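Remarks on the structure that follows.
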Amino acid sequence: MHPVHSPALFPRWYSVGAALVAVMLWSAAPLLAEFAKATPPLQLTAVTLLAGSLATLPLSRRVNVVACGTGWQISVWVGVPLLIFGAVSTYFIGMRLAPAAEAALITYTWPVLFVLLSQWSRFGRLQIAGVIGALIAFSGAALLLVPQAINGGLGGATTGYALALLAACCWAIYSWLSQAAPVALTPLLPRLLLIACAIAVAASLLLEGNLAFPSGEALLAGITLGLGPYGVAMVAWDKALRWGHASLVGSLAYGVPILAALLLVLAGMSVLDWRLPAAAVLVVVGCLKASR
């Protein structure tokens with residue numbers, strides 16, 4: 001006798017597997033960004049997005065976005081590339097201006113922002129569990145920042161933390177658009193990433209001067225960032241959101257800050273302080289509470 005599997009189980013386990021792939025790749029992003037620290041952040045953004053576009057090229061196919069209406073056309077072809085560029089560039093710049101592990105932790109509060117945005121769009125209001133979860137998650141960030149602020153030790157890192165939070169907002173809105181869009185974004189990702197890359201090139205020429213292609217370790221790290229965290233991971237995340245429940249899939253992303261911080265500590269690029277793991281646990285607990 002052959003076992004009987006419910007058709008609904010396959011999409012759920014498929015979405016869980018896809019989300020786990022994205023989580024593992026995103027966890028490596030801060031470490032790879034540290035290896036490419038010698039490259040100006042906007043140039044690194046351009047290289048990363050170009051590599052991501054090439055990595056997702058085999059998935060490209062025609063999608064009838066015109067049938068979705070003018071509003072969704074603008075959201076897909078303008079809004080999504082701007083969100084991708086904003087998320088990647090502010091993340092890289094934030095990690096230059098603030099300690100990498102702390103900036104990464106703040107960026108990875110985006111799942112709780114995504115849950116809140118999903119609740120608001122679905123129910124027209126925020127649920128109390130979501131608000132409490134957000135407060136717990138951001139208390140983790142406060143645990144890192146308040147002692148430094150009291151001691152006057154933030155300095156220029158304040159801008160870095162603010163940019164890391166902006167990156168979190170961009171990822172949250174991008175995830176919501178991926179779920180709410182009337183068409184799947186995966187077949188469009190090569191073109192969307194290429195548009196975002198063009199924006200990064202223009203911004204680099206305007207703000208950083210001559211566009212010099214990185215070399216050596218920085219080039220390898222940039223290409224790996226594009227192939228993994230901003231290529232395969234984005235495809236996997238889009239699939240997970242399409243096939244699975246937002247709260248279930250979103251809860252898997254809450255392990256990213258812990259894994260990312262652990263990799264930075266193991267690589268010797270961050271010092272293990274009791275506040276870092278404590279803050280990471282608070283972020284995870286807050287996100288889990290918000291997704292209930």
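The values are calculated or read from the model by the stated rules, or taken from the named source; none is laboratory data. What you see is a predicted model; the values in this text were computed from it and never measured. Backbone-built Cβ (ideal geometry, glycine too); neighbour counts: all protein chains shown. Ligands, DNA and RNA are stripped out before the accessible areas are found, and what is left, the full protein with its side chains, is counted by its heavy atoms. Shrake-Rupley method; radii C 1.70, N 1.55, O 1.52, S 1.80 Å.
For the range 72-95, the criterion of being part of a loop (DSSP other than H, G, I, E, B) and not β-branched (Val, Ile, Thr) is met by none of the residues. Is there a residue being modelled with pLDDT of 75 or more and part of a loop (DSSP other than H, G, I, E, B) anywhere in the range 203-216? Within the range 203-216, one or more residues are modelled with pLDDT of 75 or more and part of a loop (DSSP other than H, G, I, E, B).
When the range 36-58 is filtered for residues that are open to solvent by 80 Å² or more (accessible area, probe 1.4 Å), in contact (Cβ under 8 Å) with a residue 24 or more places away in the chain and not in a loop (DSSP other than H, G, I, E, B), the ones remaining, listed by number, are LEU54, LEU57. Once the range 1-55 is narrowed to residues that are at pLDDT 90 or above and among the polar types (S, T, N, Q), the residue that is nearest to SER215 (Cα to Cα) is GLN43. Among the residues of the range 163-208, those that are open to solvent by 60 Å² or more (accessible area, probe 1.4 Å), more than 23 Å from THR56 (Cα to Cα) and touching a residue at least 24 places away in the same chain (Cβ under 8 Å) comprise LEU165, LEU166, LEU207. Among the residues of the range 59-80, those identified as open to solvent by 60 Å² or more (accessible area, probe 1.4 Å) and not β-branched (Val, Ile, Thr) are LEU59, ARG61, ARG62, ASN64, ALA67, TRP72, TRP77. The number of residues in the range 33-49 that are farther than 23 Å from ILE173 by Cβ and not small (Gly, Ala, Ser) comes to 7.
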